[in-house]
1. If a residue must be in contact (Cβ under 8 Å) with a residue 12 or more places away in the chain and either under 14 Å from Ser134 (Cα atoms) or of a type in the set (Asp, Glu) (or both), how many such residues does the range 79-92 contain?
2. For the subset of the range 66-88 comprising residues that are outside any strand (DSSP E or B) and touching a Leu at 6+ places or on another chain (Cβ under 8 Å), which member is farthest from Pro127 (Cα to Cα)?
3. Name every residue in the range 83-142 that is farther than 20 Å from Trp70 by Cα and touching a Pro at 6+ places or on another chain (Cβ under 8 Å), in order of residue number.
4. Got at least one residue in the range 96-104 being among the aromatic types (Phe, Trp, Tyr) and modelled with pLDDT under 90?
5. Considering only residues that are of a type in the set (D, E, K, R) and in a strand (DSSP E or B), look in the range 97-142 and name the one that is least open to solvent (accessible area, probe 1.4 Å).
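The values are calculated or read from the model by the stated rules, or taken from the named source; none is laboratory data. Note that the structure is a prediction, hence the values are computed from the model and not measured. Positions of Cβ are generated from backbone atoms using ideal geometry, with glycine treated the same way; all protein chains shown enter the neighbour counts. The area values use the complete protein model at the heavy-atom level, side chains included, leaving out ligands, DNA and RNA. Shrake-Rupley method; radii C 1.70, N 1.55, O 1.52, S 1.80 Å.
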Amino acid sequence: MANRSDFQAVLLVGALTLLVGGAGLYLGFNTNRAPRAKGGTAVPRVPDIGPIVYEMRSVRSDPDRVRFEWRDVDGATRYRVTVLSAADESLFTSPEITTTNWTIPSHLRSGLAPRTVYHWKVTVLGPGETVKASEPSAFATQ
């Protein structure tokens with residue numbers, strides 16, 4: 001037979017479950033719920049454009065910061081990131097970098113429209129100016 005403390009523990013766990021679920025806290029599960037920007041408007045979903053050659057991904061560390069990451073490419077000495085419009089027109093290009101990530105600086109990021117899908121690609125530069133460019137990947141602003 002259950003005692004009073006067991007009953008209270010079950011009620012507490014149930015209440016916390018409802019609170020977390022009702023608040024819509026994201027716990028790492030897939031959800032159809034679109035993230036919301038300030039003001040309650042939905043952030044557009046980034047289209048799935050297929051497999052990415054350099055394992056590229058964009059990471060939003062906060063609403064006003066977009067960081068691009070990709071895997072290290074054999075023979076690469078430096079990289080260049082190009083941000084493109086949804087129609088794949090070049091908007092701006094990073095300086096040549098030696099790391100496998102780049103964060104859009106605020107002076108360039110301010111020119112991007114909110115709640116918009118953009119594309120980006122990474123160009124791999126090797127010795128003797130060997131150049132390989134990835135296919136575009138996508139990201140969305142908040």
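1. 7
2. Ser85
3. Scanning the range 83-142 gives Arg115, Thr116, Gln142.
4. Within the range 96-104, not a single residue is among the aromatic types (Phe, Trp, Tyr) and modelled with pLDDT under 90.
5. So, considering only residues that are of a type in the set (D, E, K, R) and in a strand (DSSP E or B), the one least open to solvent (accessible area, probe 1.4 Å) is Lys121.
Conditions tested, residue by residue: (1) under 14 Å from Arg57 (Cα atoms); (2) among the aliphatic types (A, V, I, L, M).
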{"position": "Ala86", "(1), (2)": "no, yes"}
{"position": "Phe92", "(1), (2)": "no, no"}
{"position": "Pro95", "(1), (2)": "no, no"}
{"position": "Thr100", "(1), (2)": "yes, no"}
{"position": "Leu108", "(1), (2)": "no, yes"}
{"position": "Ala113", "(1), (2)": "no, yes"}
{"position": "Tyr118", "(1), (2)": "yes, no"}
{"position": "Val122", "(1), (2)": "yes, yes"}
{"position": "Pro136", "(1), (2)": "yes, no"}
